[in-house]
Amino acid sequence: MIHFVLLIVCAVAIYLSCEWFVNAVEWLGERLDVGKMAVGTILAAFGTALPESVVTLVAVTTGATDEAKDVGVGAAMGGPLALSTIAYGVTGAMLMLKRRRERIAAGPGPTPAGARHEEALGSAADMKRLAKDQQWFLPIFAVKVALGLVAFAFKPVLGLLFFAAYAVYFWREIRGGDDDEDEGPDLEPLKFQPKAASPSTWAVAAQTALTLVVIFFASQLFVKQLDAIGPMLGLSAAVTALLLSPVATELPEVMNAVIWVRQGKTQLALANISGAMMIQATVPSGLGLLFTRWDFDAALLWSGLITMAAIVYLLMTMRGHRLTPARLTVAAGFYVVFALGLIPILV
């Protein structure tokens, strides 16, 4: 029973910490004078992806056996899978719920602009930008999967190329400037200094750092509770690791997206997910290539194929300016396909 209680406590702690984190990171972006979307793709994504990257680093560098190090490989594959399916799907569901509430609040009469489920998420320029992130992710991830199927002497060195790929992406996002259209309301007061129109830089930095520490430890405790609950529910360790743990480790990104959708900042929510995906496709992969065999079994290969299928689906809808809340929600269905496909693999 204690594990279920701790699971709920951790989930609440992560949500509340993310509420304070997104508040701080928007002010941090303003202080650093980066574009609004870079706040999501770089600052927020880097902060929430840091715990998973640390877990991968510890696993691949301190694991006593190849099997222990392979835990890091599983994390490097599970993160992008959860983000491209569960995170996008939850965001789509929240958007549908938000628009439904707006329609009910508007009462009888013509449907307010932006309140219909079938309306695309943003302008053509917004969709082009989001599609560009997926276009960066897909080839990098495809190479990452392909390298798990082959073996050659200098394969570990290729891990450095993944770090370089993220460096280029990082530079592109930061150099993009503030060419984004304003989205949603202005910045909310910093929670550390709620009465200050312009909070102190130290307060912004302190709130950002403190919330990241809470998110990190709450996320790790959340994963440990799932590891304990899995066997209690009759799930094997392999099923728990492949199905539940990735969802748990990506919970901060999901919470960020939920909060930004609630605040009417849809593009920031989507940018946070796509930016976190870029980190997950490069940094943990580079670490895995440098310190492990990077040898995929059937389950890891299956996760890679499903991730790429989900991204292709999203990319097609984005490029056609046809990405709606309902179509975004469909992305979660790919995770269901992944779970069903694991049954014959693990049995």
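A short reminder: the numbers here are calculations on the coordinates, not readings from a lab. Note that the coordinates shown come from a computational prediction; the quantities given were computed from them, not determined experimentally. Neighbour counts are summed over all protein chains in view; Cβ atoms, including those assigned to glycine, are modelled from backbone coordinates with ideal geometry.
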Task: Two-site label geometry, Val336 and Leu233: point separation in nm, points 7 Å out along Cα→Cβ - done: 1.6
- [ ] For an R0 of 41 angstrom, estimate the FRET efficiency from the Cβ-Cβ distance between Phe4 and Trp202 and round to the nearest 0.05.
- [x] 0.55
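Ala11 to Asp66: FRET efficiency via 1/(1 + (r/R0)^6), r the Cβ-Cβ distance, R0 25 Å, to the nearest 0.05? It would help to have the intermediate numbers written out before the result.
Details: r = 33 Å, r/R0 = 1.34.
So the FRET efficiency works out to roughly 0.15.
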- [ ] With everything on Cα atoms, drop me the angle between helix 66-82 and the longest principal axis of the chain, reported from 0 to 90° to the nearest 10.
- [x] 30
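Under the 0.36 nm per residue contour assumption, what length would be gained going from the current alpha-carbon distance of Gln135 and Val213 to full extension?
24.9 nm
Restricting to DSSP loop positions (anything but H, G, I, E, B) with no more than 13 other Cβ atoms inside 10 Å of their own Cβ, which trypsin sites (Lys or Arg not before Pro) remain in region 187-261?
Working: sites: Lys191, Lys195, Lys224; in loops: Lys191, Lys195.
When the trypsin sites (Lys or Arg not before Pro) of region 187-261 are filtered for loop state and at most 13 Cβ neighbours within 10 Å, Lys195 remain.
Quick one: length gained pulling Val312 to Val347 fully straight, 0.36 nm per residue minus the C-alpha distance? Walk me through the numbers before you get to the answer.
Details: separation 35, 0.36 × 35 = 12.60 nm, distance 2.89 nm.
That works out to 9.7 nm of additional length.
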Task: Karplus 3J(HN,Hα) series, Hz, for region 148-161 with 6.51 cos²θ - 1.76 cosθ + 1.60 (x for Gly, Pro) - done: x, 9, 10, 9, 7, 4, 9, 4, x, 5, 5, x, 5, 5
Open item on the list: Through the Karplus equation 6.51 cos²θ - 1.76 cosθ + 1.60, θ set to phi - 60°, convert the phi angles of region 296-302 into ³J(HN,Hα) values in whole Hz; use x for Gly and Pro.
Closed with: 8, 9, 5, 5, 5, 5, 4
TODO: Work out from phi, with θ = phi - 60° and the Karplus expression 6.51 cos²θ - 1.76 cosθ + 1.60, the ³J(HN,Hα) of each residue of region 257-272, listed in order in whole Hz, and give x for Gly and Pro.
DONE: 4, 4, 5, 5, 5, 4, 7, x, 10, 4, 5, 5, 4, 5, 5, 4
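Here is the link list: Lys128/Lys265; Lys69/Lys224; Lys98/Lys128; Lys132/Lys224; Lys195/Lys224; Lys98/Lys144. Which ones come out longer than 29 Å on Cα distance? Walk me through the numbers before you get to the answer.
Working: Lys128/Lys265 17 Å; Lys69/Lys224 18 Å; Lys98/Lys128 24 Å; Lys132/Lys224 36 Å; Lys195/Lys224 39 Å; Lys98/Lys144 37 Å.
Over 29 Å Cα-Cα: Lys132/Lys224; Lys195/Lys224; Lys98/Lys144.
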Task: Additional length obtainable on full extension of the chain from Ser123 to Arg101, 0.36 nm per residue less Cα span - done: 5.7 nm
TODO: Please check the chain for the longest run free of GluC sites (Glu not before Pro) that are loop-located per DSSP (anything but H, G, I, E, B) and have at most 14 other Cβ atoms within 10 Å.
DONE: 182-347
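Arranged by the count of other C-beta atoms within 10 angstrom, fewest first, what order do Leu158, Leu28, Leu121, Leu97 take?
Least crowded to most crowded, the residues run Leu97, Leu158, Leu28, Leu121.
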